[in-house]
1. Can you put 74, 63, 119 in order of Cβ neighbours within 10 angstrom, beginning with the fewest?
2. Based on other C-beta atoms within 10 Å, arrange 82, 39 from fewest to most.
3. Quick check: pseudo-label points 7 Å beyond the Cα along Cα→Cβ at residue 126 and residue 154, how many nm apart are they?
4. If you take the beta carbon distance between residue 214 and residue 71 as r and set R0 to 35 Å, what does 1/(1 + (r/R0)^6) give as a FRET efficiency, to the nearest 0.05?
5. Between residue 186 and residue 114, take the C-beta separation as r, use R0 = 25 Å, and let me know the FRET efficiency to the nearest 0.05.
6. So what are the radius of gyration and Dmax for the Cα set of region 52-97, in Å?
7. Taking the alpha-carbon set of region 3-223, what are its Rg and Dmax in Å?
8. Please rank 54, 89, 211, 80, fewest neighbouring Cβ atoms within 10 Å first, as an exposure proxy.
């Protein structure tokens with residue numbers, strides 16, 4: 001079917017079906033915008049985390065790494081921001097002799113968890129809305145399908161001898177709304193599941209880094225305590 005015929009079917013459809021089609025097209029445009037944006041954001045988060053972890057495990061002194069992060073602390077994200085806030089809290093509490101080692105570990109773990117959750121909130125932005133689009137688009141399309149079928153039956157009831165020409169507009173409306181709803185929902189649901197998997201993977205990398213970093217600082221605390 002040519003584009004011209006599809007447009008003709010759209011303009012010949014009822015006002016309600018036109019509205020449903022326009023809503024589905026808007027949802028499709030929004031979902032693709034979210035998909036493109038989230039791909040970009042998640043790729044940046046994964047790449048920055050990988051680069052920072054390579055630097056962290058390269059044997060660099062933690063004080064030097066902290067000073068390097070401090071120079072651009074307002075642009076930090078992911079594992080580097082977790083490291084920055086954790087080491088900052090560690091330095092503050094460790095310099096104060098009033099805090100026991102367990103309190104220091106608890107304090108830096110708390111600020112790192114807060115930083116991690118804030119970063120994950122940024123990564124998860126709009127993903128839930130993408131899931132909503134994936135969920136409701138088929139139902140909106142189904143409503144348009146029902147409207148088209150009703151129109152076809154009304155056309156049948158108005159004549160004694162039915163012809164294909166009489167029922168074709170209603171059937172066409174039903175098929176068009178079904179097709180557009182599937183075109184909207186399928187990419188959205190695939191992207192929604194894929195993005196959730198990637199966010200979960202990034203979250204696990206953050207958690208692993210936090211545990212390893214906490215273990216390193218834990219050893220430093222007890223070494224410095226034993227030397228006093």
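1. Working: 74 5, 63 10, 119 21.
By the 10 Å Cβ count, ascending, the order reads 74, 63, 119.
2. Details: 82 26, 39 14.
Fewest-to-most ranking of 82, 39: 39, 82.
3. Modelled inter-label distance: 3.8 nm.
4. Working: r = 24 Å, r/R0 = 0.69.
For residue 214 and residue 71, the calculated efficiency is 0.90.
5. Numbers: r = 37 Å, r/R0 = 1.49.
So the FRET efficiency works out to roughly 0.10.
6. In Å, with Rg to one decimal and Dmax whole: 10.7, 33.
7. 27.7, 96
8. Working: 54 9, 89 19, 211 12, 80 23.
Exposure proxy ranking, most exposed first: 54, 211, 89, 80.
Each reported figure results from applying straightforward, stated rules to the coordinates on display, with no laboratory input. Since the model is a prediction, treat every value here as computed from it, not as a measurement. Note: ideal-geometry Cβ built from the backbone for every residue, glycine included; neighbour counts use all protein chains shown.
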